[in-house]
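Take a look at the structure below.
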Amino acid sequence: MARDENILRLAKAILEAHKTIIFTGAGVSTSSGYPDLEGMQKITRGDRYFNGDLLELLTNRFARNNPKEFYRLYRKTHFRVKNSPSPTHKIISMLQADKLLAGVITMNLDHLHTLAGSKSVVEYWGSINDNYCVAQHHYFDMSFIATHKIPHCPQDGSLILPVFVERNMVALRKELIHGEKAIDAADLLIVCGTKAAHGIQGHPHKIAVINMEPIELENQADIVVHAPVDQVFSQLVTLLYHAKF
């Protein structure tokens, strides 16, 4: 079957590459119980009290002016600390530990790659584990947010917000630089579970795309797999560790 042949081609490409980087989006976290962007939009637009756009919820202005409302919806959309890493997160971590992947870049905010064991994950916008008080910028991890309904800093009393909300969803420059350098140095780039592709267009080396639906980047991709990501990575593990090419 064509799908299996493309996964086989991807497995061979991983084994042949000197440096493979994986770039992930919401599709790797949906089986962990996280909604994708469209799902989160349905939550915010369908909420009888908020009834607005997801990006409006994630603004500094809204969160500071409406902390109770912000945290009520934030816990429905992004802050799902009881959700565990998906099979794909765990396999990516294993491949990185075995040096079959050189690095992980994600646009996700859920921190699941790190929770699965991946090291030095580039998180373009930060994550739910990056929280700071608005007055003196004291840091708090996700466990503090989980145990405080509307978290305020014990030291100065100011509201605590996720870094990506405090920055109005402006990407972290340091993370962008790290990600761009990793992408430039990769001879195989795997784009997985995302329609967006920040900093990827024009990448001179081999690109593989794993996504349920077609995306624009496929026009320059060498390998394309349209299938659920957990299914693809399950097959990849079998091929990489047990198959003879």
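The values are calculated or read from the model by the stated rules, or taken from the named source; none is laboratory data. Please read these numbers as outputs of a predicted model, since none were measured by experiment. Counting neighbours? That spans all protein chains shown, and the Cβs are built from the backbone with ideal geometry, glycine included.
Is it the case, given these coordinates, that Ala196 is closer than 30 Å to Asn65 by Cα, surrounded by fewer than 20 Cβ atoms within 10 Å (Cβ to Cβ) and aliphatic (A, V, I, L, M)? Criteria not met by Ala196.
Can you find a residue in the stretch 61-72 that is crowded, with 18+ Cβ neighbours inside 10 Å, outside the structural domain of Ile21 (by TED's automatic domain parsing), hydroxyl-bearing (Ser, Thr, Tyr) and more than 22 Å from Ile177 (Cα to Cα)? Among the residues of the stretch 61-72, at least one is crowded, with 18+ Cβ neighbours inside 10 Å, outside the structural domain of Ile21 (by TED's automatic domain parsing), hydroxyl-bearing (Ser, Thr, Tyr) and more than 22 Å from Ile177 (Cα to Cα), which makes the answer yes. Condition check: over 17 Å from Ile210 (Cβ atoms), in contact with a helix residue (DSSP H, G or I) (Cβ under 9 Å, 6 or more places away or on another chain) and among the hydroxyl-bearing types (Ser, Thr, Tyr). Does Thr20 satisfy that? Taking the combined requirement at face value, the residue does not satisfy it. Taken over the stretch 28-87, the criterion of being among the aromatic types (Phe, Trp, Tyr), in contact (Cβ under 8 Å) with a residue 24 or more places away in the chain and more than 16 Å from Leu112 (Cα to Cα) is satisfied by Phe70, Tyr71, Tyr74.
To keep it simple, each residue is scored yes or no on (1) without any contact (Cβ under 8 Å) to a residue 24 or more places away in the chain; (2) crowded, with 18+ Cβ neighbours inside 10 Å.
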position	(1), (2)
Lys149	no, no
Pro154	yes, no
Leu161	no, yes
Val165	no, yes
Ala171	no, no
Ile177	yes, no
Glu180	yes, no
Leu188	no, yes
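Taking the condition assigned by TED's automatic domain parsing to the domain that holds Arg9, over 17 Å from Asn60 (Cβ atoms), part of a strand (DSSP E or B) and aliphatic (A, V, I, L, M), does Ile200 pass?
It is false that Ile200 is assigned by TED's automatic domain parsing to the domain that holds Arg9, over 17 Å from Asn60 (Cβ atoms), part of a strand (DSSP E or B) and aliphatic (A, V, I, L, M).
Scanning the stretch 1-15 for residues that are assigned to a helix (DSSP H, G or I) and without any contact (Cβ under 8 Å) to a residue 24 or more places away in the chain, which turns out surrounded by the most Cβ atoms within 10 Å (Cβ to Cβ)?
Glu5
Every residue, every condition in (1) in contact with a helix residue (DSSP H, G or I) (Cβ under 9 Å, 6 or more places away or on another chain); (2) under 30 Å from Ile22 (Cβ atoms); (3) at pLDDT below 95, yes or no:
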residue: Leu57; (1), (2), (3): yes, yes, no
residue: Asn60; (1), (2), (3): yes, no, no
residue: Ala63; (1), (2), (3): yes, no, no
residue: Glu69; (1), (2), (3): yes, no, no
residue: Arg72; (1), (2), (3): no, no, no
residue: His78; (1), (2), (3): yes, yes, no
residue: Thr88; (1), (2), (3): yes, yes, no
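Table: residues versus (1) hydrophobic (A, V, I, L, M, F, W, C); (2) within 30 Å of Thr147 (Cβ to Cβ).
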| residue | (1), (2) |
| --- | --- |
| Phe164 | yes, yes |
| Leu172 | yes, yes |
| Gly179 | no, no |
| Leu188 | yes, no |
| Val224 | yes, no |
| Leu239 | yes, no |
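Out of all the residues in the stretch 40-80, which are of a type outside the set (Lys, Arg) and within 15 Å of the chain's Cα centre (by Cα)? Hits for the stretch 40-80 are Met40, Thr77, His78, Phe79.
Among the strands (runs of 3 or more DSSP E) confined to the stretch 69-184, the ones with at least 3 residues that are over 29 Å from Phe50 (Cα atoms) are located at 103-106. The set of residues in the stretch 116-147 being of a type outside the set (S, T, N, Q), under 18 Å from Thr77 (Cβ atoms) and without any contact (Cβ under 8 Å) to a residue 60 or more places away in the chain consists of Glu123, Trp125, Gly126, Ile128, Asp130.
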